[in-house]
Amino acid sequence: MTFLAEIMPSILYVLGAILMILFIVLVFKLILTLDKVDRVVEDISSKSRKLNGLFDMIDKIQFINDKIISGILSVVMKVFKKRKGDEENE
């Protein structure tokens, strides 16, 4: 019984020290990984800010295109509406 009382705390201290060292290594690797992720996020953010102007220009072109198409469509609808009215009168 004295053997267990003398050896068991030593074993627990060694295992605790090993666990603490593994935890420190894990935290260190986690910090390095988070630094890499932070750099990637910064890179993506800067590239997306550069592309915002391009997307704004595309939105303006699309708006102008929609207005032109709706104008052409309204003219075509008026022409067909007049022809249909002329055919009914005859």
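Electrostatic tally near G53: other residues with Cβ closer than 13 Å to its Cβ, Lys and Arg +1, Asp and Glu -1, net +2.
For the chain, the solvent-accessible area works out to 98 Å² per residue, with a probe of 1.4 Å and every protein chain left in place.
Computed from the coordinates I sent, Cα extents along the principal axes in Å equals one of [x] 35, 27, 19; [y] 120, 33, 7; [z] 126, 35, 6. Tell me the label. Label [y] holds the value from this structure. Applying the Karplus relation 6.51 cos²θ - 1.76 cosθ + 1.60 with θ = phi - 60° to segment 52-58 yields 3J(HN,Hα) values of 4, x, 5, 5, 5, 5, 5 Hz, where x marks Gly and Pro. The calculated 222 nm mean residue ellipticity attributable to helices in the chain amounts to -37500 deg cm²/dmol, summing -39500 (n - 2.57) over DSSP H runs of n ≥ 4 and dividing by all residues. Straight-line cross-link partners of K47 among the lysines, defined as a Cα under 26 Å from its Cα and at least 8 positions apart when in the same chain: K36, K60.
The values are calculated or read from the model by the stated rules, or taken from the named source; none is laboratory data. From a predicted model like this one, the values you see are computed outputs, not experimental measurements. No Cβ is skipped: glycine too gets one built from the backbone with ideal geometry, and neighbour counts run over all protein chains shown. To get the accessible areas, we keep the full protein, side chains included, count just its heavy atoms, and leave off ligands, DNA and RNA. Shrake-Rupley method; radii C 1.70, N 1.55, O 1.52, S 1.80 Å.
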